[in-house]
Amino acid sequence: MLNPEQIQDHLLSLEIGMRPDSPFFGMINFSEAGGLLTLPNDQQWQVFNAMTTQQKTWLNNYANELQSRKEEKGNDNPQNRP
């Protein structure tokens, strides 16, 4: 279990990396050591359940942005061209 301070640390990192007007938007890798995605699922859920509606919206938009970038890169692959 994460303590309240640890949860707030993760929420702050998420906000810094996902808030659209943040100068650090998209620059934080949540899969690196100590990142949110390296935590056990129950701890990830602790952080998710502590998120505000606004933070969840940023998370959704951020995930959509990453998916779009991934699809664009795939379209640039010569193997994917007609």
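Laid out as a table, the results:
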| read-out | value |
| --- | --- |
| Residue in segment 25-66 that is surrounded by the fewest Cβ atoms within 10 Å (Cβ to Cβ), counting only those that are modelled with pLDDT under 95 and among the small types (Gly, Ala, Ser) | 33 |
| Residues of segment 1-12 satisfying the condition of being under 11 Å from residue 55 (Cα atoms) and either within 9 Å of the chain's Cα centre (by Cα) or exposed (fewer than 14 other Cβ atoms within 10 Å of the Cβ) (or both) | 12 |
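The values are calculated or read from the model by the stated rules, or taken from the named source; none is laboratory data. Because the structure is predicted, anything quoted here is derived from the model rather than measured. Positions of Cβ are generated from backbone atoms using ideal geometry, with glycine treated the same way; all protein chains shown enter the neighbour counts.
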